[in-house]
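The values are calculated or read from the model by the stated rules, or taken from the named source; none is laboratory data. Values in this document were obtained by computation on a predicted structure and should not be read as measured data. Backbone-built Cβ (ideal geometry, glycine too); neighbour counts: all protein chains shown. In case anyone asks, the SASA skips ligands and DNA or RNA and just uses the protein heavy atoms, side chains included. Shrake-Rupley method; radii C 1.70, N 1.55, O 1.52, S 1.80 Å.
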Amino acid sequence: MGEKVSIITISYNSEKSIEATMCSVLEQTYRPLEYVLVDGGSTDETIHLIESYIPKFREAGIETNFKSEPDKGISDAFNKGIERSTGDIIGIINSDDRLVDKQILKKIVDSFDSDCEVICGDILWVDEVNNMQYVRKSSMKLKKLKYDMVLMHPACFVKKTAYQKYGTFDVEFRYAMDKDLMARFYSNGAKFQRFPEVTTIMSAGGASDENAKKVFQEGVEIGVRNGVPRLVMRTREKYKTARLKLINIWKRGG
């Protein structure tokens, strides 16, 4: 039997998207597999949907761990999921994303080098509103992590021992917590590995997309925390904000 994989999905009022996420986990062929669902106290049909799928997961030989309760934000919900996970390898698939195909977890586990702590793949970013999609690749230029998020977090799978060694998500950050986490992992010597395939389909419109300016602002503080001068980070923030405005104008057709 191979290493156990835990997939974490956090949710809050995700009735329109979480079913596709759960189906992508349900169809995985890899075992042993655990699915940890962390709900923030949804008031729509999310909880009912999750509960209706739990027997399906168990029938498929997938362990489930589900709890719904208020949390202190995305970072807190991630940390709850990590704490409850019993797998050797942990992946986080948000409730508006999905795993790309039924074999992907097996491919990821088989690709882990013996000393690897974080394996990083690519995502297929899909914007259904504007009928756009493209592949966003993780870069192994890891020195840039101190000022730029070069990894695609939804395509990163992490050994649980890495969380135990380097820490979990900082609840101070509400939008760029993944950037802070990966920068901390790298600065403390974590071993990263490239996985040259799409692992995850990511839908546009998540928390990071909708709060891009706040992501950039938190990025300033993360950069300063990692030794980058504040002026440099402020300049980068202004550049990214201006670029975002141009992209949004282009999406609207000018």
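Figure note: 58, 84 ranked by solvent-accessible area, largest first, 1.4 Å probe, ligands and nucleic acids not counted: 58, 84. On a per residue basis, the chain carries 49 Å² of accessible surface, using protein heavy atoms and a 1.4 Å probe. Say the cut-off is 26 Å between C-alpha atoms; which of 137/240; 67/107; 165/213; 56/191; 67/137; 107/160 go over it? In this structure, 67/107; 165/213; 56/191; 67/137 lie more than 26 Å apart at Cα. Per-residue accessible area (protein heavy atoms, 1.4 Å probe) orders 144, 165 as 165, 144, starting from the largest.
Measuring nothing but protein heavy atoms, the accessible surface of the chain at 1.4 Å probe radius is 50 percent carbon and sulfur.
Where the centre of each part is set by its Cα atoms, how far does the range 36-79 sit from the range 101-127, in angstrom? One Cα centre to the other: 23 Å. In this simple spin-label approximation, residue 171 and residue 133 carry label points 7 Å from Cα along the Cα→Cβ vector, and these lie 3.8 nm apart.
Potential lengthening of the chain between residue 113 and residue 84 amounts to 7.9 nm, from the contour at 0.36 nm per residue minus the alpha-carbon distance.
If you sort the three axes of the alpha carbon gyration tensor as a ≥ b ≥ c, you get a/c under 1.5 for the range 21-137, which makes it rounded.
In this label model, residue 217 and residue 69 are separated by 3.0 nm, measuring between points 7 Å along each Cα→Cβ vector.
Of the GluC sites (Glu not before Pro) found in the range 154-246, the ones in coil according to DSSP and having at most 14 other Cβ atoms within 10 Å of their Cβ are 172. Please say if the range 65-131 is rounded, prolate or oblate, where rounded means a/c under 1.5 for a ≥ b ≥ c the square roots of the C-alpha gyration tensor eigenvalues, and otherwise the choice is prolate for a/b larger than b/c and oblate otherwise? Cα axes put the range 65-131 in the oblate bin. DSSP beta bridges confined to the chain are antiparallel in about 35 percent of cases.
For the chain, adding -39500 (n - 2.57) for each run of n ≥ 4 DSSP H residues and dividing by the number of residues yields -12000 deg cm²/dmol at 222 nm.
Between residue 140 and residue 230, full extension at 0.36 nm per residue minus the direct alpha carbon distance yields a gain of 30.0 nm. In this calculation the C-beta distance from residue 106 to residue 54 is compared with R0 = 30 Å, giving a FRET efficiency of 0.85.
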